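Undergrad: Right, I'll just put the structure down here and ask away after.
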Amino acid sequence: MIFVENLNKKFGPNHVLKGIDCHIREREVVCVIGPSGSGKSTFLRCMNGLETISSGSIVINKHRLDDSKTNINLVRQEAGMVFQHFNLFPHLKVIDNVMLAPLKVAKTSKEEARAKAEMLLAKVGLAEKMDAFPGNLSGGQQQRVAIARALAMDPKIMLFDEPTSALDPEIVGEVLAVMKDLAQEGMTMVVVTHEMGFAREVADRVIFMDQGRIVEEGTPEEIFSTPQHGRTQGFLSKVL
Amino acid sequence: MALYFGDLLPYSSLLLEGLWTALYITLVAMLAGSALGVLLYLGKVGARKPLSILCTCYIEAIRNTPLLVQLYLIYFGLPALGINLEPVLAALIGLTLNNAAYTAEIYRAGFESVPHGLREAGKALGMKPAQIVQYIVLLPATRNVFPALTNQLILLFLASSIGSIISLPELTNAIMSVSNTTYRTIEVLAVGGLLYLGVSALMSLASKRAETTLFRWAVGTHV
């Protein structure tokens, strides 16, 4: 589903990703962990073209991201993204946030988009907030709307960029619960996170990144219980 | 010397006509200037380098020279080139050109302060750049721009008093001529000042009202 080969990303003289190789299968849930500045978010953002690739290749559902002829907007419709800071459209009601892309990008009918949005908002537990503006919602509610908004395009893959890092500890759970449901439904997910509990419980595979490289990857059991690499051990001893 | 406002009564219509002229000049210059400002802003942030430099130079030239000098240039300078303008037209042109530069900068600041994350969210949903501007950036940017634009309207209204220098028959001009005829300088300045204050305060109040009704969604958000 996602093939990443020798991916390199430079910001000027800053070499942020140094030869990432990674293959993510359909229905797989992959959690990417690692210290700040390790390149996890950049790696994720390369997967839907929010960052351009310096060298190497990424293939998502047969779309080659490093090919300039690839229509990046098609890739983005297939790979939904959830951001750390939600990035809801403040001037649109919750329901309109969810309906915008189906209406303008997928060109679905208003009735269809609305029915879908209502269904998705019910799914994330926010049916009663449909007509509220994002500014009146809590962070956890905003992030759940953001998940519904991404799902409205029927993505085949969901990319999560530290979805709970900006949330108060007591409301992290409501967002993780929605993500867990999604994983159980078989959504292919790549989750950059600091929530080790979530990674341990939900991930099929955990990737540990440091200084722009994948240091170690394996099942949650392998990474959390018997980490092989010194840097993984050092990182986990600090966060667990 | 005792204050006596009674001497001003016969001149009240002159003062009100002056106020009307000031308002009329302000509104026209605001509308034309903010429209021209859009073009200047687009030129400045656009991809065409020479046009961008030209717009930047224009904006900086206007913002770094006194309005008074600009008006002099139009009213007293242009006749040297054979272009003679009526005071009203000269003031309209001067204030419009001046206002355009300021509003262009207001637009730039307003658009730049829309959080980058909103554009990214639009991109991530597969939206095209034009759609992102139209459906995602435009309204939050308008919300950002609105208070600065109404502020600019008030500044422009007050700046229209400079038109008196080129004998534009606006409020300050009326104040000076009433003062010269009645010698009630303090009284007429007080009345004139209150007229300026009253209109400015009304504009400010109206803009606050409009802001809360137009941007109801922004309550509780920090865009």
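Since every read-out is calculated from the coordinates, none of them should be taken as a lab result. On a predicted model such as this, the values are computed, not experimentally measured, just so you know. Note: ideal-geometry Cβ built from the backbone for every residue, glycine included; neighbour counts use all protein chains shown.
Undergrad: Report the calculated FRET efficiency for residue B:186 and residue B:158 (r = Cβ-Cβ distance, R0 = 25 Å), to the nearest 0.05.
TA: Using R0 = 25 Å, I get an efficiency of 0.80.
Undergrad: Specify the angular offset, from 0 to 90 degrees and rounded to the nearest 10, of the alpha carbon long axis of helix B:12-45 from the longest principal axis of the alpha carbons in chain B.
TA: On a 0 to 90 degree scale, this one is about 20.
Undergrad: Also: Report the paramagnetic label zone for residue B:68: residues of the range B:147-165 whose backbone N is under 12 Å from a point 7 Å from Cα along the Cα-to-Cβ axis.
TA: Residues B:162-165 fall inside that zone.
Undergrad: Which of the residue pairs A:69/A:156; A:156/A:180; A:18/B:128; A:9/B:123; A:107/A:180; A:10/B:123 have a Cα-Cα distance greater than 24 Å in the structure shown?
TA: A:18/B:128; A:107/A:180
Undergrad: Show that you can apply the helix-only estimate: for chain B, add -39,500 (n - 2.57) for every DSSP H stretch of four or more residues, divide by all residues, and state [θ] at 222 nm to the nearest 500.
TA: Mean residue ellipticity at 222 nm (helix-derived): -23500 deg cm²/dmol.
Undergrad: Another question, if that's okay. Of all DSSP beta bridges located in the protein assembly as shown, what percent are antiparallel, nearest 5?
TA: Antiparallel: roughly 55 percent of the beta bridges in the protein assembly as shown.
Undergrad: With θ set to phi - 60°, apply the Karplus curve 6.51 cos²θ - 1.76 cosθ + 1.60 along the range A:184-191 and write out the HN-Hα couplings as whole Hz, x wherever there is a Gly or Pro.
TA: 5, 6, x, 5, 6, 10, 10, 10
Undergrad: Place a label point 7 angstrom from the Cα of residue B:194 along the Cα-to-Cβ direction, then list the residues of the range B:1-45 whose backbone nitrogen is under 15 Å away.
TA: Label zone hits: B:3-13, B:15-16.
Undergrad: Dimensions of the protein assembly as shown along principal axes (Cα, Å, largest first)?
TA: That works out to 97, 49, 47 Å along the principal axes.
Undergrad: Divide the volume of the convex hull of the Cα atoms of chain A by its number of residues and quote the answer in cubic angstrom per residue.
TA: 125
Undergrad: Here's something else I'd like to know. Per the Debye formula with a single identical scatterer at each Cα and no solvent contribution, what log10 I(q)/I(0) holds for the range B:59-209 at q = 0.12, 0.14, 0.17 Å⁻¹?
TA: So the normalised log intensities work out to -0.69, -0.84, -1.03.
Undergrad: Just to verify a number: FRET efficiency for residue B:28 and residue A:10, C-beta to C-beta distance, R0 = 60 Å, to 0.05?
TA: So, using R0 = 60 Å, E works out to roughly 0.70.
Undergrad: Let me ask you something else. Once both axes come from the Cα atoms, what is the angle between helix B:171-182 and the longest principal axis of chain B, in degrees from 0 to 90, rounded to 10?
TA: 10
Undergrad: Okay, next question. Taking every Cα atom in the range A:189-240, find the radius of gyration and the maximum pairwise distance Dmax, and write them in Å.
TA: Cα only, the range A:189-240: 10.0, 27 Å (Rg, Dmax).
Undergrad: Hey, another quick one. Testing the spin-label approximation: label points 7 Å from Cα along Cα→Cβ at residue B:84 and residue B:13. State their distance in nm.
TA: Calculated label separation equals 3.0 nm.
Undergrad: Would you compute, from DSSP H runs of 4+ residues alone, the mean residue ellipticity of chain A at 222 nm, taking -39500 (n - 2.57) per run and dividing by the full residue count, rounded to the nearest 500?
TA: Value at 222 nm, helices only: -11000 deg cm²/dmol.
Undergrad: Measure nothing fancy, just the Cα-based angle from helix A:94-104's long axis to the longest principal axis of chain A, in degrees from 0 to 90, nearest 10.
TA: In chain A, helix A:94-104 runs at an angle near 80 degrees to the longest axis.
Undergrad: Roughly how crowded by other chains is peptide A:82-89, in terms of the mean Cβ count from those chains within 10 Å of each of its Cβ atoms?
TA: 5
Undergrad: Next up: Anyone know which of B:11, B:107, B:196 comes out most mobile in the 10 Å Cα GNM of chain B?
TA: Ranking B:11, B:107, B:196 by mean-square fluctuation puts B:11 first.
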